[in-house]
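The values are calculated or read from the model by the stated rules, or taken from the named source; none is laboratory data. All values reported here derive from a predicted model rather than from experimental measurement. Reconstructed Cβ throughout: ideal geometry from the backbone, glycine too, with neighbour counts over all protein chains shown.
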Amino acid sequence: MSDAEKATMIKKGWQFRGNFNEPRLSEVAAMYREIGLEVCLRPWEPDTDKSCHQCLQADPRRFRSLYTRPPATSAGGDSPNA
């Protein structure tokens, strides 16, 4: 995801929560949904992630970046799930 796409998500109320793979990905997503937040899962892109990610590079397709936002900011239903 480009810096512009990240900025758009932030403007729409999405907050980055972390990069996960299964089974933790499903557990964390379910927990956030259970407390009433919307969840957006995006493919993890090692070329645009500036954090330390050496362990994730072994198989980057297994990982997803997880974002959440409160449901009150979701007017228009513009979910960016990929």
Within the range 29-58, track down each residue that is of a type in the set (K, R) and at pLDDT 95 or above. R33
Is it true that A7 is surrounded by 16 or more Cβ atoms within 10 Å (Cβ to Cβ) and closer than 24 Å to A72 by Cβ? no
Residue list for the range 3-38, restricted to those being of a type in the set (K, R) and farther than 17 Å from R69 by Cβ: R24
If you go through the range 1-22, how many residues are modelled with pLDDT under 90, assigned to a loop (DSSP other than H, G, I, E, B) and more than 21 Å from R62 (Cβ to Cβ)? 1
How about the range 24-46: which of its residues are touching a residue at least 12 places away in the same chain (Cβ under 8 Å) and part of a helix (DSSP H, G or I)? L25, V28, A29, Y32
